[in-house]
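Worksheet: the structure to be examined is printed underneath.
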Amino acid sequence: MQAWSQTFGQLKEQYIRRSSERIGKIIEMLSHLSQNPSNAEVIEQLSRQFHWLAGSGSMYGYPAVSAMGSEGEDYCNKLLRDTSRPPKADVDKLKTLLNQLANEFTVNDDAAETTSLGGGRGGLGRSEIVIIDENQTDLSLLCKLVEEGGMTFRTARTMATGINELVREMPDGLIVEIPLPDGDAYELVEHVRTLPGGEDIAIIIVSKQTGFLDKVRSIHCGADAHFEKPVDMKAMLRRMRYLLDKRRQEAPRILSVEDDPDQAAFIRAFLESAGYQVRTCTDPKNFDSFISSFNPDLVLLDVMLPGMTGYELARYLRQDERHATLPVVFLTTQGNIEARIEAARSGGDDHLVKPVPPALLLSSVSARLERSRFLKTLLHKDGLTNLLNHSSFMEQAQMTIAQQKRKSSFTALILIDVDYFRSINERHGYPGGDKVLVALSLLLRKRLRQSDIIGRYGGDEFGIIAEGIDEQEALTLAARLLADFAGTSHSTPLHAGFFATCSAGISVLDSKTMDLDKWMQSAFSALAAAKQAGRNCAMAAQGTTFIKASPIS
């Protein structure tokens, strides 16, 4: 972590320089307090200066500074609560504490605690899974499941050959069925986690053993999930997709609300070195604009802020249902039970006492982000196709309209509907219909850009929002998608190699005249025209007329 060490050294130099300036301000305040011991405003300013030192000292390798800063802050707060005027002895005590603080910065201490951070994320592409299973029948079933999920696979029948496959090239995921004939699968997982790249792969254990202790052992050895036989294959595939999607997510966004520049700089540099995107809000008056523009995945809140408290900001967030799953972590020097109760009442997810050890901060942030991401997946993703569900797709469409009112670029809405889907369900059963829908969702994810918004609008209807393409480009894109899908073979245990087609309706957004309802209605009118034109084609709406495009082979 050479880059972090260099960054930390620069931050430490800035911290020492600013701390010297801060001590100079405290000396000036104590001089004013000596002349007017009843000046509550000066005592409040002193308390804030000590508060900053208490929160930042240990971050930069000065634990004694944090301890003395905390002592000074507590002493000032006691003076503010006392109705009597602070005698000269109180001023002398603060001066003694100040001299001790100044001495701390005269000692040349180059030792700085560094924190080991996780490795980098894998790139994009078709995910590869290694499957280790002694039983050939079970192995074939798992391979088929992985392939239907749009992933590639390598296989092994023993622990030894499995390790060879992993060492040869680390995959994106690993499925292990236990027991194995030549070793302990739990020890295998532990070994995988020690290999280069092994920390990041998704690992699922499939077990014939159904005891509670087996599940606990799976967690202990480092597996991400444990499924008992007989396995719910759809649930396991959803879990694997969820784990693999973690590798494809952009760096989580963290908003740090902190008015102390030294603490703010440390938090930002440290979390950015761990791979997060970090913005710092130093003035709580700008909090709402930061939330709107940055759209954070987690908020770090200092409690003592100018003009308001972090508790008030948290309550403000929790009033908006859009932020119901947004994690809020408090960073404060207040470690008493009353502060923890207030943090919980205001909607906080964690309460960390400054100075926060970097490893604890990183662990808390990563754990809260992981939990929040899982909840968002449950709330916003369709369980069968792993695409956006209806509500989330419509929200994205509404946001797109608002953005296009400012940008004024082409944006196409493409609605795709499977032809004769009821007949598919009647002939091949609902599992057959589900396979057709999954195949279409995989095709859309594979053929479309990452920036395109894809959702399951409902039933057998899918929606695509593609920015930057005009009507003719949208027709060409839809025609190619229809051709690719028409050539896709589907299979069920009773029927092998059947095919399906779909139709598409297209509407290019006119942000000056269209709201969400009109945009959707236009696309549905085009889709209805495609059905009337014989299906397996795409239609684009131009007012009351339509342009047709047939599948492109």
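Only the coordinates and a few stated rules stand behind these numbers; no lab work does. All of these numbers come straight from a predicted model, not from anything done at the bench. Virtual Cβ from ideal backbone geometry, glycine too; neighbours counted across all protein chains shown.
Quick look at the values:
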quantity	calculated
Förster radius 56 Å - calculated FRET efficiency between Ala235 and Ala64, Cβ distance, rounded to 0.05	0.55
Value at 222 nm in deg cm²/dmol, rounded to 500, when DSSP H runs of n ≥ 4 in the chain each add -39,500 (n - 2.57)	-17500 deg cm²/dmol
Förster radius 45 Å - calculated FRET efficiency between Ala160 and Gln521, Cβ distance, rounded to 0.05	0.15
Signed unit charges on C-beta, dipole axis of the chain, positive-most listed residue Thr194, Val146, Ile416	Ile416
Total charge dipole magnitude, the chain, about the Cα centre, Cβ charges on Lys, Arg, Asp, Glu only, Debye to nearest 20	1120
In nm, spacing of pseudo-spin labels at His220 and Lys208 (7 Å Cα→C-beta vector)	2.3
FRET efficiency, Thr137 to Thr476 (Cβ-Cβ, R0 35 Å, nearest 0.05)	0.20
Which listed pairs, of Lys234/Lys407; Lys376/Lys531; Lys229/Lys435; Lys435/Lys518; Lys234/Lys518, have C-alpha distances above 30 Å, in listed order	Lys234/Lys407; Lys376/Lys531; Lys435/Lys518; Lys234/Lys518
Entry for Cα extents along the principal axes in Å (calculated from the structure that is shown) out of [x] 80, 50, 47; [y] 94, 69, 38; [z] 85, 61, 48	[y]
Projected label distance in nm at Arg322 and Ser409, using a 7 Å step from Cα toward the beta-carbon	2.1
Contour excess over end-to-end distance, with Cα ends at Ile337 and Ala533 and 0.36 nm allotted per residue	63.6 nm
Point-to-point label distance, Ala344-Asn286, nm (Cα→Cβ direction, 7 Å offset)	3.5
